[in-house]
Every structure is written in C-alpha cells, then in structure tokens.
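Worksheet: one structure, shown below.
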Amino acid sequence: MKAIIVDDERLARKELTNLLSAYPEVEIIGEAANADEAIAMIESKRPDLLFLDIQMPGKTGFDLLESIDAAPLVIFTTAYDEYALKAFEVNALDYLLKPIHQDRLKSCLEKVLKEHKTIKEEEHEQAEYKLGLKDQVFVKDGDKCWFVKLADVRLFESDGNYIKVYFEQNKPMIHKSLNALDKKLDDRAFFRASRKHIINLSWVESIESWFNGGLLVKLKNGDKVEVSRRQASRFKEMMSL
C-alpha cells in the first residue's frame, strides 16, 4: 500500500515515518511540506493513502482535498481535535491526534488495510464489467425504491458519505463514495467532472469556458455542472471528433 505524508513540520514527518517502519504493508513513496507540493505529488505518484495534516501554511488539508478530483484514502494527523467532525464529513477513514501513539496507529492501520483490501477486490470484480447506459440499477432511499435505467440518470453528486442520484424529478441519496461509483461506471458513458460530480455524457447539451480554465456544462434539463480545470482537457478530448 503506497502512502504519502503531508505535514509542514519536518520532525512530525520523520516521527510518523519511524512509526510506520513497523508496518511493511505501508510503503512511504513521498513526503510534502505543503498542500501545493502534495497536489503535484498525488497526481504524479497516485498513492493509495494520505497521512494529511490539517493546519499548514497557505492551504489547509481540507483545501488540498477540495483541489483534487479523486482523493486516495485519507488519515488526518493533527494536534487539534476540533476538526474531527469535518474530517469525517470529507470521508476521512481516521483522525490521529499528535503525538501519535503506536497502539492508536496500529488500530488505525488495521482499518485502513481492511478498507484497501475491499477496494482492490471491488476493482478486480468491476474490471470484468462496467455499468453502461443500457443497464438498470436498484436505488433505495429510506422507504422509497426505484429501478432506474442509467440512461435516465443525468448526474451523480457527492454529499458527504452519500451520493445524490438525479433522475426525472427524483434526487434519492445512496450510501456510497463517488470514487467507488466512478470505478463501476463505463467511462465512455459517464464522466468524472470534479471531485463532487459525475455526469452522463448523453445528457450534455452545451459547454462553455469557465473560471480558472474549467468548463461549465449545461445538461438537457437545464442543470449546470462545473468541470474542474484538471478534467477540462480530458473532457474536451472525449467530446470532440
């Protein structure tokens, strides 16, 4: 399991590296002292796991996650416990308070390794078949249930630990991460516009330039979705002849 440590304090990075040396399952492939360094490293190295500090000069750990389209598994490492609720709202797997103790790290890594194994097993299963426009899925939200053709789903939107599914006049919530869903969908039919949205390409009506090199996509029902700067060039390629 490949990991990156993001912390502005060199001694904190060194201490965590020393603690992690007891776990051969975790390979440290990089360290970053700030969010901008980390973003570039995440895009180039594609880690499975981030050990992420929250309070750093410039961008915070939360800002970093807002800046990337698909985040790896995240463990926050911080001296401040007041961020715990927000950490779990952005789907962090765990929250380690500094100074980090070996027994607490052990229980945290047991959870992470289990989650990583589950993800890899799902990826293996999903590699054999991707859901496309002709497929029908079962959606349940509370007492309400639907069988929905994916061709009718125009948009998926991340909302904490849930995904909002947009079809007809309905917007039910399902308990799933957008990353996991993205891996199940046929990328010839669905596009990861940003860390918050997946759009159905058959619903795209028009595209216009937007802020910071991004794009604004208008769907056939009038909904508008931003495509992040990092995804904009790929989106243009997919939608061109």
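Taken together, the residues in region 60-90 that are over 20 Å from His197 (Cβ atoms), out of contact with any Asp or Glu (no Cβ under 7 Å at 6 or more places or on another chain) and at pLDDT 90 or above amount to 2.
Name the single residue that is farthest from Lys106 (Cα to Cα) among those in region 1-59 being small (Gly, Ala, Ser) and more than 17 Å from the chain's Cα centre (by Cα). Ranking the qualifying residues of region 1-59, first place goes to Gly58.
For region 21-41, the criterion of being farther than 26 Å from Lys120 by Cα and among the hydroxyl-bearing types (Ser, Thr, Tyr) is met by none of the residues. Quick one: count up the residues across region 173-197 that are without any contact (Cβ under 8 Å) to a residue 24 or more places away in the chain and of a type in the set (D, E, K, R). Result for region 173-197: 1. Can you say whether Asp36 is over 24 Å from Thr118 (Cα atoms) and of a type in the set (Asp, Glu), as far as the supplied structure shows? So Asp36 fits the description; yes.
Every residue, every condition in (1) touching a strand residue (DSSP E or B) at 6+ places or on another chain (Cβ under 8 Å); (2) of a type in the set (S, T, N, Q); (3) modelled with pLDDT under 90; (4) surrounded by 16 or more Cβ atoms within 10 Å (Cβ to Cβ), yes or no:
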residue	(1), (2), (3), (4)
Ala127	no, no, yes, no
Val148	yes, no, no, yes
Gly160	no, no, yes, no
Gln169	no, yes, no, no
Pro172	yes, no, no, yes
His175	yes, no, no, no
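The values are calculated or read from the model by the stated rules, or taken from the named source; none is laboratory data. Quick caveat, the model's predicted, so the values are computed rather than measured. A quick note on method: Cβ atoms are made from the backbone with ideal geometry, for glycine too, and the neighbour counts reach across all protein chains shown.
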